[in-house]
Amino acid sequence: RGFEINGRNKDTDYRSGNAVHADLAITQYLSKEFSIGLIASHYQQVSGDGGGGASLGPYKGRVTAIGGSVGYNFSVAGTPVAARLKVLREVSVENRPQGTIALISLAFPLGHVPPPAAAPPSAVVKH
């Protein structure tokens, strides 16, 4: 969820309207490494566009999108990494171009120091 406050573009004298947005994601892990999920998203302007550059009027954009995601967790030199591909198709659009978006994300901790490797088990010799 979020609220977007937009300002005026001085070069074009255009001010985009303020907006609210919300996202919902449901993810199922198939294993420790792999996951799949469903995504829904909604964006809606709560105030119209304005300024001298708004020659088409005070449009209020709105879009609802649905899609899916696939994720993979792995390690690089002992540092955990999470990768995710998201694809969303805009299914209901007003006063905006309609399309499909794909997003790739990589997440990892900064400054992560992997734990030291475990010492090999000592051999017990019986005489």
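The values are calculated or read from the model by the stated rules, or taken from the named source; none is laboratory data. Treat the numbers as computed from the prediction; the structure is a model and nothing was measured. Every residue, glycine as well, gets a Cβ built from its backbone with ideal geometry; the counts of neighbours run over all protein chains shown. With ligands, DNA and RNA removed, areas are computed over all heavy atoms of the protein, side chains included. Shrake-Rupley method; radii C 1.70, N 1.55, O 1.52, S 1.80 Å.
General remarks:
- Candidate set: segment 55-68, residues that are touching a residue at least 12 places away in the same chain (Cβ under 8 Å) and open to solvent by less than 50 Å² (accessible area, probe 1.4 Å); chosen: the one farthest from residue 32 (Cα to Cα): 61
- Test: residue in segment 52-65 that is outside any loop (DSSP other than H, G, I, E, B) and in contact with a Gly (Cβ under 8 Å, 6 or more places away or on another chain): no
- The single condition among (1) β-branched (Val, Ile, Thr); (2) open to solvent by 100 Å² or more (accessible area, probe 1.4 Å); (3) at pLDDT 95 or above that residue 100 does not satisfy is (2).
- Test: residue in segment 74-85 that is touching a Ser or Thr at 6+ places or on another chain (Cβ under 9 Å), farther than 17 Å from residue 29 by Cα and polar (S, T, N, Q): no
- Being modelled with pLDDT of 90 or more, among the β-branched types (Val, Ile, Thr), open to solvent by 40 Å² or more (accessible area, probe 1.4 Å) and touching a Gly at 6+ places or on another chain (Cβ under 6 Å) is a property that does not hold for residue 12.
- Condition check for residue 88: surrounded by 12 or more Cβ atoms within 10 Å (Cβ to Cβ), among the aliphatic types (A, V, I, L, M) and without any contact (Cβ under 8 Å) to a residue 60 or more places away in the chain: yes
- Residue satisfying all of: in segment 69-85; crowded, with 16+ Cβ neighbours inside 10 Å and of a type outside the set (S, T, N, Q); nearest to residue 34 (Cα to Cα) among these: 71
- Residue pairs meeting the criteria (Cβ under 7 Å; at least 6 apart or on separate chains; first within 20 Å of residue 102 (Cα to Cα), in segment 13-41; second part of a loop (DSSP other than H, G, I, E, B) and open to solvent by 80 Å² or more (accessible area, probe 1.4 Å)): 22/1; 36/30
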